[in-house]
1. In the set 306, 275, 316, which member is within 16 Å of the ligand (Cβ to nearest atom), touching a residue at least 24 places away in the same chain (Cβ under 8 Å), farther than 24 Å from residue 439 by Cα and buried (at least 16 other Cβ atoms within 10 Å of the Cβ)?
2. So, in the stretch 305-339, exactly how many residues are under 30 Å from residue 241 (Cα atoms), modelled with pLDDT of 95 or more and part of a loop (DSSP other than H, G, I, E, B)?
3. Being within 10 Å of the ligand (Cβ to nearest atom) and either surrounded by fewer than 23 Cβ atoms within 10 Å (Cβ to Cβ) or part of a strand (DSSP E or B) (or both) is the filter here, so list the residues in the stretch 340-362 that pass it.
4. Consider residue 459 carefully, then state whether it is closer than 25 Å to residue 17 by Cβ, touching a residue at least 24 places away in the same chain (Cβ under 8 Å) and part of a helix (DSSP H, G or I).
5. Of the residues 379, 369, only one is part of a loop (DSSP other than H, G, I, E, B), more than 9 Å from the ligand (Cβ to nearest atom) and buried (at least 23 other Cβ atoms within 10 Å of the Cβ); which?
6. Hey, any hits in the stretch 251-269 for a residue that's closer than 27 Å to residue 446 by Cα, touching a residue at least 24 places away in the same chain (Cβ under 8 Å), within 16 Å of the ligand (Cβ to nearest atom) and over 24 Å from the mean Cα position of the chain (by Cα)?
7. Applying the selection to the stretch 411-428, what residues are farther than 18 Å from residue 359 by Cβ and either in a loop (DSSP other than H, G, I, E, B) or modelled with pLDDT under 95 (or both)?
8. Name every residue in the stretch 57-82 that is in contact with a strand residue (DSSP E or B) (Cβ under 9 Å, 6 or more places away or on another chain) and outside any strand (DSSP E or B), in order of residue number.
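The values are calculated or read from the model by the stated rules, or taken from the named source; none is laboratory data. Owing to the predicted nature of the structure, the values given are computational and were not obtained by experimental measurement. No Cβ is skipped: glycine too gets one built from the backbone with ideal geometry, and neighbour counts run over all protein chains shown.
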Ligand code: ADP
């Protein structure tokens with residue numbers, strides 16, 4: 001099959017979150033499975049200089065022969081960030097990504113070889129399946145082309161005032177509440193869900209959750225209508241990129257059989273975080289965006305209880321100012337116990353994964369989550385809330401004695417979090433047993449090869 005990935009961020013060129021990891025890894029796995037892959041993304045400033053393909057795009061190659069095309073437009077994409085600055089979205093995001101979608105289709109025609117599947121990701125590409133209904137419906141170049149739309153995070157929907165609809169360049173009749181309209185506004189995530197041939201999301205559990213009122217973010221009705229054409233496919237982890245046995249960011253390396261270096265990494269982490277070096281109490285790490293989703297409100301309300309326990313905590317992240325300020329304040333008030341690095345930093349991220357004993361992720365919701373998979377790989381035992389992709393990857397030691405690889409909060413509450421931390425302390429203090437738990441965690445695998453099988457089924461289903 002000839003498959004095109006269209007996404008607003010792709011590793012190694014531009015990343016703000018897990019979307020980039022997925023769109024960097026999955027195409028290469030599909031290529032390895034024998035398919036022909038292209039990737040199309042915006043030509044952001046941070047992509048650097050790439051050779052020109054034509055007036056519309058520059059080009060590069062990843063993997064064995066996956067061509068990556070970068071849609072040019074200096075005014076739209078030559079900015080310092082991907083989506084916004086100073087905590088505000090760029091006001092012209094609808095225009096930027098509508099342009100991206102339209103140019104993508106024109107670029108495919110420039111390239112000249114028809115494609116079987118256009119695989120779109122998140123709201124930034126939600127317009128694309130609509131464009132194939134108008135104005136490209138009768139374009140012979142796209143007759144055999146089917147679209148798949150993947151929801152990476154339903155909470156970010158690309159909602160804009162109705163006055164902007166005209167800028168999309170599609171028929172006015174689609175602006176109705178069964179299609180692109182959402183409470184009087186334009187909703188590009190909804191457009192992608194309604195107009196694509198198949199909808200996927202990034203874990204089986206999240207696929208179920210988003211069809212409920214509680215987690216559907218207002219789109220549960222639309223999703224329920226597409227019930228037979230929605231599937232949750234668990235993201236894989238790139239186990240070559242994330243490997244404590246061969247990791248350019250950390251030295252020395254370690255393996256499940258020889259975990260000794262983990263102790264060295266704990267000391268390093270404590271030092272770079274300004275925490276006293278102590279080996280007898282566990283370090284709880286966190287890496288991720290500082291936003292409501294990741295559960296800082298629960299961390300804040302549990303904090304008094306947390307610092308009464310013999311633990312240290314190290315958080316790494318950037319995001320909303322209110323959470324940055326909150327975490328900085330907690331660090332100031334609890335020196336030696338809690339440290340925060342407010343930045344985006346690959347080096348420190350690897351050090352947190354390698355140096356932490358536990359990895360705390362009390363997300364309010366979690367479509368899939370990569371960080372708990374990375375934490376497992378580095379032997380930092382995850383402590384997670386019982387939602388979304390966590391339930392597909394973290395199995396509690398108690399309820400799942402054989403498969404157990406972490407701790408799942410018994411309830412989303414202060415007592416639930418503290419109870420889990422107490423259980424974690426209990427495990428930590430049984431040194432021999434804890435080493436076995438770490439080895440087991442490090443050996444857990446959630447592979448792209450497995451995900452690829454399911455994506456190919458979806459692509460085939462679209463074409464049948
Ligand atoms: P989301 O997509 O919700 O942001 P994921 O868990 O799916 O969360 O993926 C987050 C990815 O971004 C992981 O690879 C994580 O290591 C990385 N990451 C997040 N914040 C930072 C940061 N401040 N510094 C370095 N890496 C980060």
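1. Checking each option against the conditions leaves just 316.
2. So the answer is 2.
3. Residues satisfying the conditions are 341, 342, 343, 344, 345, 346, 347, 348, 349, 350, 361.
4. Considered against the rule, which asks whether it is closer than 25 Å to residue 17 by Cβ, touching a residue at least 24 places away in the same chain (Cβ under 8 Å) and part of a helix (DSSP H, G or I), residue 459 comes out as yes.
5. The unique qualifying residue is 379.
6. Looking through the stretch 251-269, at least one residue is closer than 27 Å to residue 446 by Cα, touching a residue at least 24 places away in the same chain (Cβ under 8 Å), within 16 Å of the ligand (Cβ to nearest atom) and over 24 Å from the mean Cα position of the chain (by Cα).
7. Across the stretch 411-428, the qualifying residues are 411, 413.
8. 63, 65, 72, 73, 76, 77, 79, 82
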